[in-house]
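Notes follow the structure.
The values are calculated or read from the model by the stated rules, or taken from the named source; none is laboratory data. Here the structure is a predicted model, which is why all the values come from computation and not from measurement. Here the Cβ positions follow ideal geometry from the backbone for every residue, glycine too, while neighbour counts run over all protein chains shown. Heavy atoms of the whole protein, side chains included, go into the accessibility calculation; ligands, DNA and RNA do not. Shrake-Rupley method; radii C 1.70, N 1.55, O 1.52, S 1.80 Å.
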Amino acid sequence: MSVRPKMRELSPEERKAGFDEVEKGLALHQALPEASRCLFCHEAPCVSGCVAGVDVVGFVRRLKTRNFVGAARLIREANVFSAVCSRVCPSEEQCEKPCSSTNLAEPIAISALHRFVADEELKRGIRPEKAGTPTGKKVAVIGAGPAGLTCAHKLARLGHEVTVFEAEEKPGGLMVYGIPRYRLPSEIAEAEIEYAISPGVNLKTGVLVGKDIPFDEIRRNSDAVFIGVGLGYKSQLDIPGHDLPGVLQAGEFLRKAALGDPPELSGRVAVIGGGNVAMDAACSAVRAGASEVVVLYRRREEEMPAWKREREFAKTEGVEFRYLTAPQRFVEKDRKVAGIECVSTKLGEPDSSGRPRPEFIPGTEHVIDVSYVILATGQGPWPEISSVFGGIRFNASGTIKVSPETLATSIEGVFAGGDAVNGGKTVVQAVADGKLAAKSINDFLS
Ligand SMILES: Cc1cc2nc3c(=O)[nH]c(=O)nc-3n(C[C@H](O)[C@H](O)[C@H](O)COP(=O)(O)OP(=O)(O)OC[C@H]3O[C@@H](n4cnc5c(N)ncnc54)[C@H](O)[C@@H]3O)c2cc1C
C-alpha cells in the first residue's frame, strides 16, 4: 500500500455533474507527516528536477515547522504561478522523479505539499509586489501567457516600464483559454495573474500584434521586446466529411469549456488524437453531456504522446481507448456526422517522429457510430507568425530561433520564450523561460 497521502477527490459520478475541480488538496493532518518523511538531502536532487528552480527542500522544511507564509514566499520568488503549477505540473516526471533515487520507499508527494502551501497562501491573499526604482527603460511584452507575464513581472520589479500586449480579452494564455477548469479553476489562475501584474505592469488586452499594431511600431517605442505568443491548434484532419456539423475542433471546444460555456453534447463522442489535448477534450466531453466517450488513436498506448497520468485520469472517468484505429472518412446522416469509417492499423518502420509508422490493414474497414467527433490533432506554431514578426529567424518547424543561453532572437534587443520557442511544453517551462528572458533583457538594458 502507498505511503503517500492521497488528496480527497470527486467521485466519477460527481465529476460528470460539471467542471468542478476534481482534486481537493491535502488536509493539514496529511501534509505535516508527509513533510516529515523528507530526508532534506544535502544535494537535493528534487531541485534539479524543477526547471523554475523551486527550493523544494527549503519549502518542505518550512512547512514541517508550520511556517506556511515563509514556505509560500520561497516558492513564489522562484515561480510567479505557484498555485497553478502545483496543480498542472507533471511532477512525477519533474521534481518527484529524482526523489525516487533517494532511499525512500516512495518519492515525497512534493506536488501535493506545494499545493497545500500555495492554497494556504491563497486563503490569506497573495501579497502584491511593488515596482522597482524607475530605470527609464521601456520593455514591450507580446503575449500574456505564463511566459510573457513572468517576464513582465520580473522586469517591473527591476524598475523597467513594462507594457504587455495581449490579443485576447483576458490575460493568462492557455491557463485561462486551454487547461480545463476541473484541473485548474479559473479563480486560481486569475489570482496569480493579478499578482503577476501587481508591480505596475501595463496590460493592453484585445490587441493583436500584427493586425492592431505592427511589430515594428512596438520595437520603435521600446528599448527591448519579449515575444511569448504560444502556439495555435493544428488545422483539422483533412478527410472526407471533416466539415460536417457535429465535427468539432478541440481548441474551440476546450476554449468554450474553459470560459464556462461548453457546447452541449449527447450520445457517443469520439475524440481523435493521442496527446494531452485529446485527453482534456475526452474528459471535458464526459462533463459536457456525452453518454460515452471513445478515443481513437492510430498507434498503441505506448506511443501516445499524452502523459501517463492524463491517460490514467481519462480511464478513471470511463473514457474508452481504441488503439491501432485510423479514421478514413466521416459518415453523414440527416446532414450531421453519424459515424466514422475507420481502418485497423499495424505498426511499421519508424517515421520522421521516431515512432513506428501506422500502416493500414486492408479489409478491416468498419464504422463506429457517433453523435459528435472532436478533432484533437495537437498544436503548432501560428501560421502567420513569420509575417507578423518580420526579420526574426525561425526553425524549420516554425518555432522562433533563439540562443538557448539568453533566449535572444536574431534581432538585437528582441527575446522570445515559452511554447512559441520550444514547440509546446509546460506552464513551468514557460515560467522558467520568462525568468531567463527577464534576466537577459535586464543585462541588455544595463
Ligand atoms: C488543452 C491544454 C492543456 C494543457 N495542460 C497542461 C498541463 O496540465 N500542465 C502544463 O504544465 N501545461 C499544460 N499545457 C501547456 C501549457 O498551457 C503551455 O505550455 C503554456 O501555457 C505556454 O505558455 P506561453 O506563455 O508560452 O503561451 P500561451 O499560454 O499560449 O500564451 C500565449 C499568449 O499570447 C497571445 N498571443 C498570441 N499571438 C499574439 C499576438 N500576435 N498579439 C498579442 N498576443 C498574442 C495569446 O492570445 C496567448 O494569450 C496545456 C496546453 C493545452 C493546449
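Structure summary
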read-out	value
Accessible solvent surface per residue of the range 12-124, calculated while the other protein chains remain in place, 1.4 angstrom probe, Å²	44 Å²
Rg over Rh, two decimals, the chain (C-alpha only, Kirkwood Rh)	0.98
Stokes-Einstein D for the range 247-378, Kirkwood Rh over Cα pairs, 20 °C, 1.002 mPa s (µm²/s)	143 µm²/s
Amide H within-cut-off set for Gly230, under 5 Å, with H built and near neighbours excluded	Asp419, Ala420
Accessible area per residue, Å², the range 133-247 with all protein chains present, probe 1.4 Å	40 Å²
Pairwise FRET efficiency - Met7 versus Trp307, Cβ, R0 = 22 Å, nearest 0.05	0.80
Antiparallel %, DSSP beta bridges [both residues in the chain], to 5	40 percent
Kirkwood-based shape ratio for the range 12-124, expressed as Rg/Rh from alpha carbons	0.97
The range 1-98: GluC sites (Glu not before Pro) in DSSP loop, at most 13 other beta carbons within 10 Å	Glu43
The range 61-169: radius of gyration and largest Cα-Cα distance (Dmax), Å	16.9, 54
10 Å Cβ shell holding at most 16 others, DSSP loop, chymotrypsin sites (Phe, Trp or Tyr not before Pro): longest site-free stretch of the chain	41-306
Distance in nm between pseudo-label sites at Ile239 and Arg322 (7 Å out along the Cβ direction from Cα)	1.0 nm
Given charges at beta-carbon only (K, R positive; D, E negative), |dipole| of the chain in Debye	960 debye
Spin-label model distance (nm) - Leu347 vs Asp369, 7 Å beyond Cα toward Cβ	3.3 nm
Pairs of Cα atoms farther than 11 Å apart, the range 268-309, %	60 percent
Gyration tensor (Cα) of the range 87-130, equivalent ellipsoid semi-axes in angstrom	27, 11, 9
R0 of 30 Å, Cβ-Cβ distance Arg127-Thr102: FRET efficiency to nearest 0.05	0.35
Potential extension, Glu92-Lys204 segment - 0.36 nm per residue separation minus Cα distance	36.7 nm
nm² value of the averaged projected area, convex hull over the Cα atoms of the range 111-235	9.0 nm²
Förster-model FRET efficiency, 51 Å R0, Ser386 and Thr135, C-beta, rounded to 0.05	0.95
Most positive-pole-ward Cα, Cys99, Pro404, Val269, against dipole of the chain from beta carbon charges	Cys99
Portion, in percent, of the accessible area of the range 247-378 that falls on carbon or sulfur, probe 1.4 Å	47 percent
Radius 14 Å from Cβ of Pro263, net charge of other residues (Lys, Arg +1; Asp, Glu -1)	+1
For the range 322-402, accessible area per residue (1.4 Å probe, heavy atoms of protein chains only), Å²	55 Å²
Inter-label distance for Arg335 and Glu194, nm, one decimal - labels placed 7 Å from Cα along Cα-to-Cβ	4.7 nm
Distance violations [Cα-Cα > 21 Å] among Lys64/Lys123; Lys234/Lys425; Lys204/Lys234	Lys204/Lys234
Cleavage-rule hits (GluC sites (Glu not before Pro)) in the range 359-446: DSSP loop, at most 14 neighbouring Cβ within 10 angstrom	Glu365, Glu384, Glu405, Glu412
Carbon/sulfur fraction of accessible area - the range 12-124, other protein chains in place, 1.4 Å, %	52 percent
